[in-house]
1. Spot the failing condition for Ala55; the list is (1) in contact (Cβ under 8 Å) with a residue 60 or more places away in the chain; (2) open to solvent by 20 Å² or more (accessible area, probe 1.4 Å), and only one is missed.
2. Taking the condition of being over 15 Å from Leu7 (Cα atoms), touching a Gly at 6+ places or on another chain (Cβ under 6 Å) and open to solvent by less than 40 Å² (accessible area, probe 1.4 Å), how many residues in segment 75-99 meet it?
3. When both residues are 6+ apart or on different chains and their Cβ atoms are under 6 Å apart, which pairs have a first residue that lies in segment 156-177 and is open to solvent by 80 Å² or more (accessible area, probe 1.4 Å), and a second that is not in a loop (DSSP other than H, G, I, E, B)?
4. In segment 90-109, which residues are without any contact (Cβ under 8 Å) to a residue 60 or more places away in the chain and either hydrophobic (A, V, I, L, M, F, W, C) or assigned to a helix (DSSP H, G or I) (or both)?
5. Inside segment 10-59, can you point out the residues that are among the aliphatic types (A, V, I, L, M) and under 18 Å from Arg121 (Cα atoms)?
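The values are calculated or read from the model by the stated rules, or taken from the named source; none is laboratory data. Note that the structure is a prediction, hence the values are computed from the model and not measured. Cβ placement follows ideal geometry from the backbone for every residue including glycine, while neighbour counts extend to all protein chains displayed. For the accessible areas, the whole protein counts, side chains as well, though only heavy atoms, and no ligand, DNA or RNA atoms are used. Shrake-Rupley method; radii C 1.70, N 1.55, O 1.52, S 1.80 Å.
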Amino acid sequence: MVPERTLFLGKATDAARRLIGMVLVHGEHRARIVETEAYVGPHDLACHAAKGRTARTEVMFGPPGRAYVYLIYGMYHCLNVVTGPEDFASAVLIRAAEPLTNGLSALDGPGKLCRALAIHRGHNAVDLLDPRSPLRLELGEPHRIRISRGPRIGVDYAGAWALKPFRYMESGSPFGSKPRLGLAPKGRRLIKARS
């Protein structure tokens, strides 16, 4: 069952926590999301929308639940889920996932995840909440997940925004990207996978 679109209408930080435990499906492959990063809008200097509305970022201004896929370093694709109301550009990067399908290689980084699941720019703007789409999100098994948070990775150019604790990870997950987030006293949150 795909999640309701209303789960992605609010803040990117809320959506980033809600995505932990959801399942990313592409064709025959399934992977449980264990790590995300929130990019909270045009005022966030680490967000692609900080430079304005462009052909590349246009999908970020569209309805929530769409895929925003882009290429970095000319070789790695990254998958984001668009969040917030239309005309407000925010998104959540899917950083890592736990393989649920036999034969899937490492998914502990956004480039590795997209390579293993064969996600590319041709999937840009796909509705991830359409149950008929071969690339979609599904609700995970309902259980309590302990989530840690910390600063995002690779956004040092964003000044003070690089220090914002907008990276979320299932605490202690061996499937997250490094450095892994553990059970730090601050920044933990206990949520349900379907919340």
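1. Condition not satisfied by Ala55: (1).
2. Of the residues in segment 75-99, 1 are over 15 Å from Leu7 (Cα atoms), touching a Gly at 6+ places or on another chain (Cβ under 6 Å) and open to solvent by less than 40 Å² (accessible area, probe 1.4 Å).
3. Asp156/Ala162
4. Leu93, Ala106
5. Leu24, Val25, Ala49, Ala55, Val59
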